[in-house]
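Working notes, structure below.
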Amino acid sequence: MMKKLAGAFSIIGQTLTIGSGGITQSDNNTQAISNNIVLSGPQTWSTNSGGVLQMTGAVNNNGNLLTLSGTTQAVEVSGVISGSGGLLKTGTAALTLNGNNTFTGEVQLAGGTILIKQIDSTATQPQSLGESPNAVSLGSATTPATLVYTGTSSATINRGFNVGAAGATF
C-alpha cells in the first residue's frame, strides 16, 4: 500500500513476485512501478486518492485474475500483460492499457473509461485487450463503461462484445 503523504516515488529493479492481495495507491502523487511483476495469486491494483498508479514493467498474471480499479484517479499499464489469467476493470476512474498484451483470459470492463492503444483485426494477436477470441464484457448491470481507442491509425477489432444492462459507449 502506498500511504498518504508518501510523496512521489518510483520502484525500479528486479522482478517482483506479488502474492494474493494487491497494490493500493492512497497518495495524491503519481506512483510508478517499473519492475517486471509476476502474480502468485489474484490481485487488485487500485487508486483511491488523487494520485495515478503507473505500471511500466511487464506483468505475468501467471493464470491469476488481475483486477484494476479506481474511484478518483487512473491506473495506467504500459508494460505487456501476459499469462492465462483474466482482466477485470472496476470503479469509475480511467484505465489505460498501452501494451501489446498477450494474456488469454476473460476481459470484463465493468465500469469507467478504458483507453486502449493497440487493436488488431485478428483476435489472437497481441493487443491491448489481450490475445483471445472470447467476447469482451463492457459495462455491468449497474455501471456503464466507455471504451476509447487512442491509437494513431485506423483499426478493426475482430471480437465480440457483451454489453451490460447499464450500457456502454464505444
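The values are calculated or read from the model by the stated rules, or taken from the named source; none is laboratory data. All figures in this text were calculated on a predicted structure; none of them were measured in a lab. Positions of Cβ are generated from backbone atoms using ideal geometry, with glycine treated the same way; all protein chains shown enter the neighbour counts. Note: accessible area is taken over every heavy atom of the protein model, side chains too, but ligands, DNA and RNA are not part of it. Shrake-Rupley method; radii C 1.70, N 1.55, O 1.52, S 1.80 Å.
Conditions (1) open to solvent by less than 50 Å² (accessible area, probe 1.4 Å); (2) small (Gly, Ala, Ser); (3) within 16 Å of VAL75 (Cα to Cα), marked per residue:
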position: LEU97; (1), (2), (3): yes, no, yes
position: GLU106; (1), (2), (3): no, no, no
position: SER132; (1), (2), (3): yes, yes, no
position: SER140; (1), (2), (3): yes, yes, no
position: TYR149; (1), (2), (3): no, no, no
position: SER154; (1), (2), (3): no, yes, no
position: PHE170; (1), (2), (3): no, no, no
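What are the residues in the range 42-89 that are polar (S, T, N, Q) and free of Cβ contacts under 8 Å to residues at least 24 places away in the same chain, if any?
Selection gives SER84 alone.
Would you tally the residues in the range 127-166 being over 15 Å from the mean Cα position of the chain (by Cα) and not in a loop (DSSP other than H, G, I, E, B)?
Qualifying residue count for the region: 3.
Inspect the range 112-126 for any residue being touching a strand residue (DSSP E or B) at 6+ places or on another chain (Cβ under 8 Å), in a loop (DSSP other than H, G, I, E, B) and open to solvent by less than 20 Å² (accessible area, probe 1.4 Å) and give the result as yes or no.
No, the range 112-126 contains no residue that is touching a strand residue (DSSP E or B) at 6+ places or on another chain (Cβ under 8 Å), in a loop (DSSP other than H, G, I, E, B) and open to solvent by less than 20 Å² (accessible area, probe 1.4 Å).
For the range 91-105, what are the residues that are closer than 18 Å to ALA141 by Cα and either in a loop (DSSP other than H, G, I, E, B) or modelled with pLDDT of 95 or more (or both)?
THR92, ALA93
Residue pairs, Cβ under 8 Å, 6 or more apart or interchain, first in the range 93-108 and touching a residue at least 12 places away in the same chain (Cβ under 8 Å), second of a type in the set (Lys, Arg) and surrounded by 23 or more Cβ atoms within 10 Å (Cβ to Cβ). List them.
LEU95/LYS89; GLN108/LYS89
Among the residues of the range 50-77, how many are open to solvent by 50 Å² or more (accessible area, probe 1.4 Å), touching a Leu at 6+ places or on another chain (Cβ under 8 Å), assigned to a loop (DSSP other than H, G, I, E, B) and farther than 19 Å from VAL136 by Cα?
Adding up the residues that qualify gives 2.
Can you name the number of the only condition in (1) modelled with pLDDT of 95 or more; (2) open to solvent by 10 Å² or more (accessible area, probe 1.4 Å) that LEU87 fails?
Only one criterion in (1) modelled with pLDDT of 95 or more; (2) open to solvent by 10 Å² or more (accessible area, probe 1.4 Å) is unmet by LEU87, namely (2).
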